[in-house]
Amino acid sequence: MRRITKAILLGMLMVFLVVGGCSKQNAEIVAEVNGTQLTRKQLDEKVDKIKKEFEMYGLQLDGEEGAEMLAMLEKEGLNQLIMETVFYDEAKKQNISVSDEEIQDFYDQLVEVYGEEVFTGMMKQQNITEKQLKADIELMLLQNSLFDKVTADVNVSEEQIREYFEANKENLIQYRASHILIMPDKEAEDQEKADQEAKAKAEALIRELDQGADFAQLAKENSADGSAANGGDLGQYFTKPQSPYVPEFTEGAVSLAQGEYTKEPVKSTFGYHIIKLTEKKDTLDELKADIEAQLISSEKNRLFDEYFSKAMEEADIVNYLEQEEAGEATE
């Protein structure tokens, strides 16, 4: 529940979606939530926002299929409005509010991240006003505060951490690696020869390592990867099931003991890798903090799902669009 909601809210803030127009039809009430009326104008604005997201990814809503998609987007847009209204109501029940200073601070952080000139250009390009963006920021901050308050007492025991570690140890081990990448010359007329030459160079570097050469220095002098400047260090920990690297690289890295390097070049779509496993975290003491954070996050999400699902069930929601659709279906 929380992940989906945060994705929607983040989309509102970071994509800067356009706001729709107004007409006489906008006065129509499309739903009521705990006595709060949601208007056609609000729904049109929400649908325009979602449409803009689709269009940014090159998806056009034209023709018969487009009409069907727009109808679906209208349902989704109204569902989002209903959920947002329930969020506001629940925040009010929990005595949660967001100050103008907090909203301004978040707004200023966005400006700082993008730079004022780029940020202003994005706002103009998407035709969104400062007021509209700040309303989205307020909703996001309220949602975060509500989540934090509802889940504030969540904790996990030492026994839970140990049991999780024992049951999932192989998937929890964290690795960190460096590598030297030798790429075949893509411009060579004879690609087979270029591949053989790249492999031979990698093998020669391994022989240098065997004779005591410094891995980081060889990486700086020979690697075709951007990590060369850092001595081949890839700069992050990874687990086997959630590795950001190609399978051949991952398998090569996790098969090593800490401090070892591959004795044969590892071939991938990028070329030939010489991989060195620089760190390996595989004990409970080393992984405890990460396991605890993971378990707490999972339990917080479960608890908030339960809380908000109950809030939605107990809310007095009248969806006039659904009623209208049901009436048309029976005619």
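Overview of values
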| read-out | value |
| --- | --- |
| Residue match in region 47-66 (condition: modelled with pLDDT of 90 or more, surrounded by 18 or more Cβ atoms within 10 Å (Cβ to Cβ) and assigned to a helix (DSSP H, G or I)) | no |
| All positions within region 224-267 that are surrounded by 13 or more Cβ atoms within 10 Å (Cβ to Cβ), farther than 19 Å from Leu209 by Cβ and of a type outside the set (A, V, I, L, M, F, W, C) | Tyr237, Thr239, Lys240, Ser243, Tyr245, Glu248, Thr250, Glu251 |
| Tally of residues being in contact with a Leu (Cβ under 8 Å, 6 or more places away or on another chain) and either within 21 Å of Gln174 (Cβ to Cβ) or touching a residue at least 40 places away in the same chain (Cβ under 8 Å) (or both) across region 205-217 | 3 |
| Every residue from region 115-145 that is on the phi < 0 side of the Ramachandran plot and loosely packed, with under 14 Cβ neighbours inside 10 Å | Glu116, Glu117, Val118, Thr120, Gly121, Lys124, Gln125, Thr129, Glu130, Lys131, Ala135 |
| Members of region 187-219 that are under 39 Å from the mean Cα position of the chain (by Cα), loosely packed, with under 15 Cβ neighbours inside 10 Å and within 27 Å of Gln236 (Cβ to Cβ) | Asp214, Gln217 |
| Residue within region 243-258 that is under 24 Å from Ile161 (Cα atoms) and not acidic (Asp, Glu) present | yes |
| Total residues in region 146-164, condition more than 23 Å from the chain's Cα centre (by Cα), assigned to a loop (DSSP other than H, G, I, E, B) and surrounded by 15 or more Cβ atoms within 10 Å (Cβ to Cβ) | 2 |
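The values are calculated or read from the model by the stated rules, or taken from the named source; none is laboratory data. All figures in this text were calculated on a predicted structure; none of them were measured in a lab. Glycine also receives a Cβ, built like all others from the backbone with ideal geometry; neighbour counts cover every protein chain displayed.
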